[in-house]
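Trainee: Structure incoming, see below.
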Amino acid sequence: MSTIEHNLQDVRRRIAAAAAECGRDAKEITLLAVSKTKPASALEEAMAAGQRAFGENYVQEGVDKIQHFASHPLAPELEWHFIGPLQSNKSRLVAEHFAWCHTVDRLKIATRLNEQRPAALPPLNVLIQVNISDEASKAGIAPAELPALAEAVAALPNLRLRGLMAIPAPESDYARQLAVFRKMADALAALQARHPQADTLSMGMTDDMPAAIAAGSTMVRIGTAIFGARDYGAPQ
């Protein structure tokens, strides 16, 4: 068994344990393998271990991997998520290559993605990124501004509003992690009142996954626990 396969099994066990602890079905929670800076060979190992959903933070790196695996026998099963900050000048690459974008936080980006999504592809699944910890250095919309942006995104025909994403401030205390994640769960519930198709809450990473699952996360973004430490010298 490869290290990555062993790590994936361990992460899946942890997801199942966290779900059982709060009375949830682990099948409700998608494991998104965050593969930024990792070579194609590492993704190949993860695929061999059954992983199909991958998250990329850097546009060009992600596109290169998508193209690398385009002719792979598993290509039709792979699901590519863009989860990094998105600049306007790179929106076309995301619109043309990815199935999901987690980081929509302003109407300008949403409009560009809508206009640039090829007609031959299904609508791009989008999540609105919420700056739930109110950090000046973090991307994301303020919770109070969420309803207006959601209405605008939902009206764009080539996008499908699927829910919310957050990257809370680092916090080691479980109770404080849980409190922040519950704010996100409340925000999704409010969103669903007007947009019932919004079924996704993308939150929880290697260090805070149990609290995210307890609060209602439906998609956890795990990188280090699967692939090991990252090489931040990789091209962006």
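Trainee: Mind checking which residues of segment 169-198 are surrounded by 14 or more Cβ atoms within 10 Å (Cβ to Cβ) and of a type in the set (D, E, K, R)?
Mentor: Answer for segment 169-198, where residues must be surrounded by 14 or more Cβ atoms within 10 Å (Cβ to Cβ) and of a type in the set (D, E, K, R): 171, 176, 182, 183.
Trainee: Between residues in segment 164-182 that are on the phi > 0 side of the Ramachandran plot and residues that are open to solvent by 60 Å² or more (accessible area, probe 1.4 Å) and among the aromatic types (Phe, Trp, Tyr), which pairs lie under 8 Å by C-beta distance while being six or more apart or on different chains?
Mentor: Once the first residue is on the phi > 0 side of the Ramachandran plot and sits in segment 164-182, no partner that is open to solvent by 60 Å² or more (accessible area, probe 1.4 Å) and among the aromatic types (Phe, Trp, Tyr) comes close enough.
Trainee: Out of all the residues in segment 41-54, which are open to solvent by 30 Å² or more (accessible area, probe 1.4 Å), part of a helix (DSSP H, G or I), of a type in the set (Gly, Ala, Ser) and in contact (Cβ under 8 Å) with a residue 12 or more places away in the chain?
Mentor: Listed by number, the list holds a single entry, 48.
Trainee: Let me ask something else about it. Return the pairs, sorted by first residue and then second, in which the second residue is among the polar types (S, T, N, Q), the first residue lies in segment 25-38 and is within 15 Å of residue 63 (Cβ to Cβ), the beta carbons are less than 7 Å apart, and the residues are 6+ apart or on different chains.
Mentor: Listed by first residue and then by second, the contacts come to 36/57.
Trainee: OK, next. List the pairs whose first member sits in segment 96-114 and is under 10 Å from residue 127 (Cβ atoms) and modelled with pLDDT of 95 or more, whose second member is outside any loop (DSSP other than H, G, I, E, B) and of a type in the set (Phe, Trp, Tyr), and whose Cβ atoms are under 6 Å apart, counting only residues at least 6 apart or on separate chains?
Mentor: These pairs meet every condition: 101/82.
Trainee: Name the single residue that is nearest to the chain's Cα centre (by Cα) among those in segment 192-213 being farther than 18 Å from residue 133 by Cβ, in contact (Cβ under 8 Å) with a residue 60 or more places away in the chain and part of a helix (DSSP H, G or I).
Mentor: This residue is 213.
Trainee: Additional query: Of all residues in segment 102-111, which are open to solvent by 40 Å² or more (accessible area, probe 1.4 Å) and in contact with a Leu (Cβ under 9 Å, 6 or more places away or on another chain)? Steps first, please.
Mentor: Of segment 102-111, the ones open to solvent by 40 Å² or more (accessible area, probe 1.4 Å) are 106-108, 111.
Within segment 102-111, 106, 107, 111 qualify.
Trainee: Kindly indicate whether residue 225 is part of a helix (DSSP H, G or I), over 26 Å from residue 10 (Cα atoms) and over 14 Å from the mean Cα position of the chain (by Cα). Break it down into steps so the answer makes sense when it comes.
Mentor: Numbers: part of a helix (DSSP H, G or I): yes; over 26 Å from residue 10 (Cα atoms): no; over 14 Å from the mean Cα position of the chain (by Cα): yes.
So residue 225 fails the test.
Trainee: Name the single residue, out of those in segment 199-230 being hydrophobic (A, V, I, L, M, F, W, C) and open to solvent by 20 Å² or more (accessible area, probe 1.4 Å), that is modelled with the lowest pLDDT. Walk me through how you get there before you give the answer.
Mentor: Filtering segment 199-230 down to residues hydrophobic (A, V, I, L, M, F, W, C) leaves 201, 203, 205, 209, 211-215, 219-220, 222, 225-227, 229.
Among the residues that remain, those that are also open to solvent by 20 Å² or more (accessible area, probe 1.4 Å) are: 205, 214, 225, 227, 229.
Numbers: 205: 95, 214: 98, 225: 97, 227: 96, 229: 85.
Among them, the one singled out is 229.
Trainee: Can I ask one more? Which of (1) closer than 18 Å to residue 224 by Cβ; (2) of a type in the set (Gly, Ala, Ser); (3) exposed (fewer than 14 other Cβ atoms within 10 Å of the Cβ); (4) within 19 Å of the chain's Cα centre (by Cα) does residue 33 not meet, given it meets every other one?
Mentor: For residue 33, the exception is condition (3).
The values are calculated or read from the model by the stated rules, or taken from the named source; none is laboratory data. Small disclaimer: the values here were computed from a predicted structure and weren't measured. Positions of Cβ are backbone-derived with ideal geometry, glycine not excepted, and every protein chain shown enters the neighbour counts. Note: areas computed on protein heavy atoms with side chains; ligands, DNA, RNA excluded. Shrake-Rupley method; radii C 1.70, N 1.55, O 1.52, S 1.80 Å.
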